[in-house]
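**Q** I have a structure I would like to understand better, so I am pasting it below and will then ask my questions one at a time.
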Amino acid sequence: MSTRRKFLFRSAAASVAALAGKNLFAANHSPVINDPIVISTWDFGKEANAEAWKTLGSGGSALDAVEAGVKIPEADPNNHTVGYGGMPDREGHVTLDACIMDEQYRCGSVMGLEHIVHPIAVARLVMEKTPHVVLIGDGALQFALANGFQKENLLTPESEKAWKEWLKESKYEPVMNIENAKNLPGGPYNHDTIGMLAMDAKGHLSGACTTSGMAFKMRGRVGDSPIIGAGLYVDNEVGAATSSGVGEEVIRIVGSHLVVELMRQGYNPKEACKAAVERLIKRNPEKAKTIQVGFLAINKKGQYGAYALQKGFTYSVKSNKEEKIYEAESKWK
Ligand code: GLY
């Protein structure tokens with residue numbers, strides 16, 4: 001569009017907006033009225049989205065929404081990949097990883113946090129109350145307790161039983177998707193992190209990512225989920241991305257940051273996720289055939305998309321227009 005046509009178009013749009021009593025264009029020429037939307041990894045993201053929507057749908061911030069949303073699987077004892085009831089490491093400790101990021105590039109993270117049901121809330125406090133981005137292990141726990149969090153036993157009888165069953169053979173073979181893991185002896189032991197991305201009515205993006213990590217991981221192991229740029233990245237100028245799957249492979253390509261940078265170059269969210277998956281395959285082709293990794297992304301227009309290595313990566317979407325679970329396209333069927 002020529003400069004003059006752009007001017008005429010914008011003047012006409014501004015007049016319509018003025019008649020409607022709305023200022024549609026901010027100084028940076030982006031729309032200031034947005035349709036809120038929240039997207040999150042896996043089927044269980046549906047309940048988490050519904051909780052986030054209580055905030056988003058009533059004009060609340062994307063940051064508050066993602067924190068509230070991911071607290072649902074964190075508190076669910078039947079979810080064995082996130083928070084309370086998460087599978088322990090091979091020594092029987094439930095260690096949690098989480099991070100959060102807002103539209104101002106503020107971020108906070110906890111790694112290897114034990115005894116606290118809501119690591120995402122601690123990550124947010126790291127972001128808001130400390131000069132740091134990451135607190136780990138005992139230091140993270142000390143900080144949580146100093147801020148009023150209660151110490152709890154996160155190892156449920158079901159997870160303990162699964163761990164004891166696993167100990168009999170002690171074979172570290174993470175399965176592809178939660179759907180495949182349900183009927184295994186010892187229960188579902190996999191890596192199905194919740195990553196949640198939201199855009200609020202002001203057009204601000206935020207994201208949260210929280211997990212108990214790989215079931216029966218080595219003590220001290222940290223995956224992609226609490227690493228800003230790997231498991232989650234938010235750039236309010238461009239979009240946001242998150243990941244689920246085998247964290248080691250996501251870290252190698254700094255996956256979520258890569259997806260956001262690809263969107264900056266003009267890729268739509270699904271194309272960006274696909275290009276990141278292809279990068280991952282290029283880096284480690286043999287490994288990539290045997291594991292699951294999925295990326296989920298949203299851009300500033302509220303368009304979203306996902307792509308995974310393997311079939312079975314699902315994601316949940318909630319907006320004024322829809323409430324749906326989709327299965328992402330994948331490299332291998
Ligand atoms: N994506 C979760 C993990 O690797 O710990």
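**Q** Tally up the residues in region 245-276 that are in a helix (DSSP H, G or I), within 16 Å of the ligand (Cβ to nearest atom) and in contact with a Leu (Cβ under 6 Å, 6 or more places away or on another chain), please. Spell out the reasoning first.
**A** To start, the set of residues in region 245-276 that are in a helix (DSSP H, G or I) comprises 247-252, 255-264, 269-276.
Now narrow it down to the ones that are within 16 Å of the ligand (Cβ to nearest atom): 247-252, 255-259, 273, 276.
From what's left, in contact with a Leu (Cβ under 6 Å, 6 or more places away or on another chain): 249, 256, 276.
Residues that pass the stated criteria total 3.
Every residue, every condition in (1) modelled with pLDDT under 95; (2) outside any loop (DSSP other than H, G, I, E, B), yes or no:
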site	(1), (2)
LYS171	yes, no
ASN183	yes, no
HIS191	yes, no
ALA208	no, yes
PHE216	yes, no
VAL222	no, no
TYR233	no, yes
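**Q** Any idea which of (1) under 21 Å from ILE37 (Cβ atoms); (2) surrounded by fewer than 18 Cβ atoms within 10 Å (Cβ to Cβ) is the one LYS331 doesn't satisfy?
**A** Checking LYS331 against (1) under 21 Å from ILE37 (Cβ atoms); (2) surrounded by fewer than 18 Cβ atoms within 10 Å (Cβ to Cβ), the one that fails is (1).
Here's the yes/no breakdown for (1) in contact (Cβ under 8 Å) with a residue 60 or more places away in the chain; (2) farther than 26 Å from ASN49 by Cα:
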site	(1), (2)
GLU248	no, yes
VAL260	no, no
MET263	no, no
TYR315	yes, no
GLU329	no, no
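**Q** Another question, if that's okay. Please go through region 271-302 and pick out each residue that is at pLDDT below 95, surrounded by 18 or more Cβ atoms within 10 Å (Cβ to Cβ) and out of contact with any helix residue (DSSP H, G or I) (no Cβ under 8 Å at 6 or more places or on another chain).
**A** Scanning region 271-302 gives a single hit, GLN292.
**Q** Is one or more of the residues making up region 303-326 part of a loop (DSSP other than H, G, I, E, B), of a type in the set (A, V, I, L, M) and at pLDDT 95 or above? First the steps, then the outcome.
**A** Residues of region 303-326 that are part of a loop (DSSP other than H, G, I, E, B), as a first pass: 303, 311-313, 320-322.
Of the ones still in play, those that are also of a type in the set (A, V, I, L, M) are none.
Among the residues of region 303-326, not one is part of a loop (DSSP other than H, G, I, E, B), of a type in the set (A, V, I, L, M) and at pLDDT 95 or above, which makes the answer no.
**Q** Among the residues of region 68-85, count how many are farther than 13 Å from THR193 by Cα, touching a His at 6+ places or on another chain (Cβ under 9 Å) and open to solvent by less than 30 Å² (accessible area, probe 1.4 Å).
**A** Residues flagged as farther than 13 Å from THR193 by Cα, touching a His at 6+ places or on another chain (Cβ under 9 Å) and open to solvent by less than 30 Å² (accessible area, probe 1.4 Å) within region 68-85 amount to 0.
**Q** Considering only region 188-212, state which residues are open to solvent by 10 Å² or more (accessible area, probe 1.4 Å) and of a type in the set (Val, Ile, Thr).
**A** Residues satisfying the conditions do not exist here.
**Q** I've got another one for you. When ALA48 is evaluated against the numbered criteria (1) open to solvent by less than 10 Å² (accessible area, probe 1.4 Å); (2) in a loop (DSSP other than H, G, I, E, B); (3) under 22 Å from GLY305 (Cβ atoms), which criterion, by number, is the only one it fails?
**A** It fails just one condition, (2).
**Q** Looking for whichever is at pLDDT 95 or above, open to solvent by 10 Å² or more (accessible area, probe 1.4 Å), closer than 23 Å to ASN78 by Cα and more than 14 Å from the ligand (Cβ to nearest atom) here; the options are GLU152, GLU128, GLU179. Which one fits? It would help to see each step written out before you state the result.
**A** Values: GLU128 fails: closer than 23 Å to ASN78 by Cα; GLU179 fails: at pLDDT 95 or above.
Answer to the selection: GLU152.
**Q** Could you list all residues from region 213-244 that are among the acidic types (Asp, Glu) and either surrounded by fewer than 22 Cβ atoms within 10 Å (Cβ to Cβ) or away from the ligand (no atom under 13 Å from the Cβ) (or both)? Steps first, answer last, please.
**A** First pass over region 213-244, keeping only residues among the acidic types (Asp, Glu): 224, 235, 237.
Residues satisfying the conditions are ASP235, GLU237.
**Q** Follow-up question, since we're still on this one. Could you check region 102-120 and list, in sequence order, the residues that are in contact (Cβ under 8 Å) with a residue 40 or more places away in the chain and open to solvent by 10 Å² or more (accessible area, probe 1.4 Å)? Break it down into steps so the answer makes sense when it comes.
**A** Filtering region 102-120 down to residues in contact (Cβ under 8 Å) with a residue 40 or more places away in the chain leaves 102-105, 107, 109-112, 114, 117-120.
Within region 102-120, GLU103, GLN104, TYR105, CYS107, MET111, GLY112, GLU114, VAL117, HIS118 qualify.
The values are calculated or read from the model by the stated rules, or taken from the named source; none is laboratory data. The shown structure was predicted, so the numbers you read here are calculated from the model rather than taken from an experiment. When we count neighbours, we look across all protein chains shown, and the Cβ atoms used for this are built from the backbone with ideal geometry, even at glycine. Heads up: the accessible areas ignore ligands, DNA and RNA and are worked out on the full protein's heavy atoms, side chains in. Shrake-Rupley method; radii C 1.70, N 1.55, O 1.52, S 1.80 Å.
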